[in-house]
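All remarks here apply to the structure that follows.
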2 protein chains.
Amino acid sequence: MRLEAKRGVPGAALYQRIRNDLETKIMSGAWPPGHRVPFEHELMETYSCSRMTVNKVLSTLADAGLVVRRRRAGSFVSRPRVQSAILQIPDLKAEIEKRGERYGYRLLDLQKRNATAQDRIRLGIGGRATVLALRCRHEAEEQPFAIEDRLISVQAVPDVLKQDFSITPPNTWLVGHVPWTEAEHRITACNADNDVAAELGIEPGAACLVIERQTWRNGEPITAVRLIHPGRLYDLIARFTPTA
Amino acid sequence: MRLEAKRGVPGAALYQRIRNDLETKIMSGAWPPGHRVPFEHELMETYSCSRMTVNKVLSTLADAGLVVRRRRAGSFVSRPRVQSAILQIPDLKAEIEKRGERYGYRLLDLQKRNATAQDRIRLGIGGRATVLALRCRHEAEEQPFAIEDRLISVQAVPDVLKQDFSITPPNTWLVGHVPWTEAEHRITACNADNDVAAELGIEPGAACLVIERQTWRNGEPITAVRLIHPGRLYDLIARFTPTA
DNA sequence: TGCGTTTATTTGTCTATACATATTATAGCC
DNA sequence: GGCTATAATATGTATAGACAAATAAACGCA
């Protein structure tokens, strides 16, 4: 059997190169959810390699949940972004309504401003930047449920300026429209001070669950949020089942 | 080229069969962490198939984090169980010591008993069962850090009876020795009552972070625990980065 | 038009072979 | 003993060729 010259490629493994290429296309949004990935025989030509090699790439991408493969139809970028089974980022509005309760929302404050030193620390960005800062309250059955205190990087999410957050909670809009790749949650408990107690309609000193979350897309900060829930009213649930 | 008769195996794909076999051996504990998985050429013989097939099995098991592969040495069942990037189950002792602080531990209560109705609810088991119930305190730099209130199913973890929990915290032992497949966390905040305040050395009414966790192995309940942390002293951090 | 049948295409799995690469074990040397 | 060069071995990557299974699309018929 004749061995091709292409065999001993110098740099990284060909398999890795192809995988990185495709993953970049998917993660960057160049190939949006639902987009059909080239067929195996097309990728064979593109990278001049054997079918087994591109098959392995696509199979592992499918394992990782980035694509869905269908015989005779092709491979497609999958719709539900990664975030399968971890500490999910909930859409509070949807959560409340799912429980059959009346959801209420009130925008308390909103400003677009040049990032202050503190803003830059919270978002973890270096130079100057424009941010949208907002504070709002979520209610379930008329009962205050959470105070949301959020910063959004305008550079990372330009569309945010076109949104009317007096009606749609930023939480809900972001969950539905802005994809992310990394998230970090910091969870702790504190006693409500007078201000928070007033806004949440609880006793000063009552225990509150504080969730601070930051999200990035490919390393670029998107948003940072602090959610304060009355301890009595909120349970955070994180369930993990591996190879679901 | 001669085609072997073995080709068209009737049931599931051979690859799946082998993968299930190995996964069962690992998950059941028959192959404990550190155990050397048979070499590719041994598995070839066992299942009378080609090396590419067993190679694919082992490679995907490695991707899934179940085994670690080392050239010339072989493949080994990996120590840190699945739980790669989710809300991890921390070994409190190790966490404290990693921060360079002095760790202290005190067993407050331990009993082996037939499961009460309440025990069965907490663990989520039906019939009669024996459980180990224990309560202990973790300290960092002499300062109480957490109250751990735990139930362990003796049936699921028989070895638990041989352990001396007056020295080793159950948390630490379980994290290191008992593999799990599913976990659920329920996180909330509460005000310390007098008992808890006394045990944690904080003011009654101070906010506490309460973490309730339950774990299963292939659907069988292993343990249920409630951890109460002084809100002031504890941050739970969950970071998620997909294809690390 | 509507429905069942055939066909073509794509992915899924498997084999046999080849060579690359990392690393452990061994043999040899000072 | 301790160091280094060498050989042995297990995994890593890649190829070409086969056949299986699923199914979308084309076809044919009533």
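How many residues are modelled with pLDDT under 85, among the small types (Gly, Ala, Ser) and open to solvent by less than 60 Å² (accessible area, probe 1.4 Å) when one looks only at the stretch B:18-37?
1
So that you can scan it fast, the table gives a plain yes or no per residue for (1) surrounded by fewer than 22 Cβ atoms within 10 Å (Cβ to Cβ); (2) over 16 Å from the mean Cα position of the chain (by Cα); (3) of a type outside the set (Ser, Thr, Tyr):
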| residue | (1), (2), (3) |
| --- | --- |
| B:ALA140 | yes, yes, yes |
| B:GLN143 | yes, yes, yes |
| B:ASP149 | yes, yes, yes |
| B:VAL157 | yes, no, yes |
| B:GLN163 | yes, yes, yes |
| B:PRO169 | no, no, yes |
| B:THR172 | yes, no, no |
| B:VAL175 | yes, no, yes |
| B:TRP180 | no, no, yes |
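Open to solvent by less than 40 Å² (accessible area, probe 1.4 Å), under 30 Å from B:GLY65 (Cα atoms) and not in a helix (DSSP H, G or I): is that true of B:ARG186 in this structure?
The answer is no for B:ARG186.
Pick from B:VAL225, B:VAL154, B:VAL160, B:VAL178: which is more than 8 Å from chain A (Cβ to nearest Cβ), β-branched (Val, Ile, Thr), under 27 Å from A:VAL210 (Cα atoms) and out of contact with any Pro (no Cβ under 7 Å at 6 or more places or on another chain)?
Matching residue, one of B:VAL225, B:VAL154, B:VAL160, B:VAL178: B:VAL225.
Residue by residue through the stretch B:18-31, note down the ones that are within 14 Å of chain A (Cβ to nearest Cβ) and more than 14 Å from DNA strand C (Cβ to nearest atom).
Residues satisfying the conditions are B:GLU23, B:THR24, B:ILE26, B:MET27.
Which condition from (1) within 15 Å of DNA strand D (Cβ to nearest atom); (2) at pLDDT below 90; (3) within 14 Å of chain B (Cβ to nearest Cβ); (4) outside any loop (DSSP other than H, G, I, E, B) is the one that A:TYR15 breaks?
That leaves (2) as the condition not met.
When residues of the stretch B:152-169 are filtered for being free of Cβ contacts under 8 Å to residues at least 40 places away in the same chain and in a helix (DSSP H, G or I), how many remain?
4
How many residues, within the stretch A:194-219, are modelled with pLDDT under 90 and either basic (Lys, Arg) or surrounded by fewer than 16 Cβ atoms within 10 Å (Cβ to Cβ) (or both)?
4
Among the residues of the stretch A:105-124, is any of a type outside the set (Val, Ile, Thr), open to solvent by less than 10 Å² (accessible area, probe 1.4 Å) and under 30 Å from B:LEU61 (Cα atoms)?
No: zero hits.
Say whether the condition of being out of contact with any Ser or Thr (no Cβ under 9 Å at 6 or more places or on another chain) and more than 16 Å from DNA strand C (Cβ to nearest atom) is met by at least one residue in the stretch A:64-78.
no
Does A:ILE125 count as over 22 Å from A:ASP195 (Cα atoms), touching a residue at least 40 places away in the same chain (Cβ under 8 Å) and not assigned by TED's automatic domain parsing to the domain that holds A:PRO33?
Yes; evaluated as a whole, the condition is true for this residue.
Could you list, in sequence order, all residues of the stretch A:32-82 that are among the hydrophobic types (A, V, I, L, M, F, W, C), within 14 Å of another protein chain (Cβ to nearest Cβ) and within 12 Å of DNA strand D (Cβ to nearest atom)?
Passing the criteria: A:MET52, A:VAL57.
Tell me which residues, restricted to the stretch B:220-242, are open to solvent by 10 Å² or more (accessible area, probe 1.4 Å), modelled with pLDDT under 80 and under 22 Å from the mean Cα position of the chain (by Cα).
Correct list: B:TYR234, B:ASP235, B:LEU236, B:ILE237, B:ARG239, B:PHE240, B:THR241, B:PRO242.
Just give me the residues in the stretch B:189-216 being in a loop (DSSP other than H, G, I, E, B) and either at the interface with chain A (Cβ under 9 Å from one of its Cβ atoms) or touching a residue at least 24 places away in the same chain (Cβ under 8 Å) (or both), in sequence order.
If the condition is that a residue be in a loop (DSSP other than H, G, I, E, B) and either at the interface with chain A (Cβ under 9 Å from one of its Cβ atoms) or touching a residue at least 24 places away in the same chain (Cβ under 8 Å) (or both), then B:ALA192, B:GLY201, B:ILE202, B:GLY205, B:ALA206 are the ones that fit.
The values are calculated or read from the model by the stated rules, or taken from the named source; none is laboratory data. Because the structure is a prediction, the values reported are computed rather than measured. In this analysis, Cβ positions are derived from the backbone assuming ideal geometry, glycine residues included, and neighbour counts consider all displayed protein chains. The protein model used for the area step is the full one, side chains on, heavy atoms only, and it has no ligands, DNA or RNA in it. Shrake-Rupley method; radii C 1.70, N 1.55, O 1.52, S 1.80 Å.
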